[in-house]
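These notes concern the structure reproduced below.
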Amino acid sequence: MLAQQASATLTAAGWSCWTTARRTLVYVSPDALRGAEWVLPDVPLLLGGLPVAWEISARAEPDQALVAWTAYFTTGTPPEALSAFALALDARPDPAQGLDGPDSVVAALTAQGWQPDVDHPETTAWDTGLTSCFTLCALPELIEDQDPREGLAGWQAWAEPIAGQQHLWCATFSHSTPHDLVGAFAAALASPAPVKRRVLPEAAADQLTLVLPD
């Protein structure tokens, strides 16, 4: 479902698509400043023990070799949140630079009922069930960004329905990812609006409210 919805969102926005020799799918915006790749058929990066399914990035200039930033989404990432991120990126005149501060991300979450972390209220928020977290922290290795310095903080989000067990999904945004784009993902993730699912995650079954169609 994640691959289908993300592909439909990018295609509807006018992004071109082709298949690579590694059987991954590459999407590029009409201005060639934004790109997305479905990397699951390749040997992807692991986040929280899960394979990355989508990588989305942006450049300041079409012919620039180095991406300005990269966002990574594993299998299981809520497709609505990924689509919201992609649409916000597509609508942005300058996809490489951001002006908003990190407080905009936490504000997007708390506006939907998430709670600021007791110890780090300005950079971390949790859902009411304490099973999902969004935090600004040091990033894992191999995260691509225009700033090569080590130890720079970026946003990470994940869901862990049962403490100490396998994550349900993970998302990582490199240091230079504009905070307003991360905020778009955060707002969609925290939204209480019902979403369509064909298969429910077993680990979170006791924490879900089911709404049957009429």
In the range 1-80, trypsin sites (Lys or Arg not before Pro) in a DSSP loop with at most 14 other beta-carbon atoms within 10 Å
22, 23
Picking from 40, 66, 99, which is most flexible by a Gaussian network model of the chain using Cα springs under 10 Å?
99
Could you report the chain's accessible area per residue, 1.4 Å probe, as an integer in Å²?
52 Å²
Once the Cβ-Cβ distance between residue 117 and residue 165 is put in as r, and R0 is 25 Å, what FRET efficiency do you end up with, to the nearest 0.05?
0.75
Rounded to the nearest 500, the 222 nm mean residue ellipticity computed for the chain from DSSP H runs (n ≥ 4, each -39500 (n - 2.57)) alone is -6000 deg cm²/dmol
Which whole-angstrom value gives the distance between the alpha carbon centres of the range 33-62 and the range 173-188?
15 Å
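The values are calculated or read from the model by the stated rules, or taken from the named source; none is laboratory data. Note that this is a predicted model, so its numbers are computed, not measured. As a convention, Cβ positions derive from the backbone with ideal geometry for all residues, glycine included, and neighbour counts pool all protein chains shown. All accessible areas refer to the heavy atoms of the entire protein, side chains included, with ligands and DNA or RNA removed. Shrake-Rupley method; radii C 1.70, N 1.55, O 1.52, S 1.80 Å.
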